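The values are calculated or read from the model by the stated rules, or taken from the named source; none is laboratory data. What you are looking at is a predicted structure, and each value in this text was computed from that prediction instead of being measured. Positions of Cβ are backbone-derived with ideal geometry, glycine not excepted, and every protein chain shown enters the neighbour counts. Only protein heavy atoms, including side chains, enter the accessible area calculation; ligands, DNA and RNA are left aside. Shrake-Rupley method; radii C 1.70, N 1.55, O 1.52, S 1.80 Å.
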Amino acid sequence: SSVPMVIFDPRRGPKSQLPVVVSKPTQLIDLFPTILESAGIPKSEWPKDLDGQSLLPLLDPRSSSRDFTRSFVVSQFHGTNLAMSWFLIVMEMPSDGRIYKLVQYGTGMEVSPQLFDLTSDPNEMRNLALEESYTDIVTVLDHELRSIVDYPTVARDVASYDRNSFRCWKRNVAGDWKQVIHEKNLRWTP
């Protein structure tokens, strides 16, 4: 999803400076390292294994966007009462600069993936995943997604956890679980 963000630092130059619009894919986990760098905290004091990347190289017009090394972002969702997990990657393709989004559901075997060209279809109306001319893009994005998260294994683990949570809830629910399960605002979590 797209989350609009405005970063303002009055220390970064005159008020007449034009705003910088960033179109590269970024993540909310990039905020923490951005704040650390803005505060002048040396990188040697940053937490090890920090997932995010500072956005400051993208905000400084004198800096090269090469200073921002990540070319893609990933996300995943696992919710209570959800039939299966989903995983996505948004990546700017170096070949043409277009931004694509690939969504994989479950282990990737239960449901066909979705692929959107966010550059020309920001509202995600046309699924390109099954079109032959986009096979290579699906392969590249899926490879990059798997480099970050082994989504088939994670999806199986989450499904197992959800099944076990449901069984526990069913054993502990007051009344007939087949009736209770239809109540509004139900959560299985014991």
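At-a-glance table
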quantity: Translational D in µm²/s for the chain (Stokes-Einstein at 20 °C, 1.002 mPa s, Kirkwood Rh from C-alpha pairs); calculated: 109 µm²/s
quantity: Among Asp136, Asp162, Asp49: highest mean-square fluctuation, GNM of the chain, C-alpha pairs under 10 Å; calculated: Asp49
quantity: Residue-normalised accessible area of the chain, given per residue in Å² at a 1.4 Å probe; calculated: 68 Å²
quantity: Estimated dipole of the chain in Debye, rounded to 20 [Cβ of Lys and Arg +1, of Asp and Glu -1, Cα centre]; calculated: 720 debye
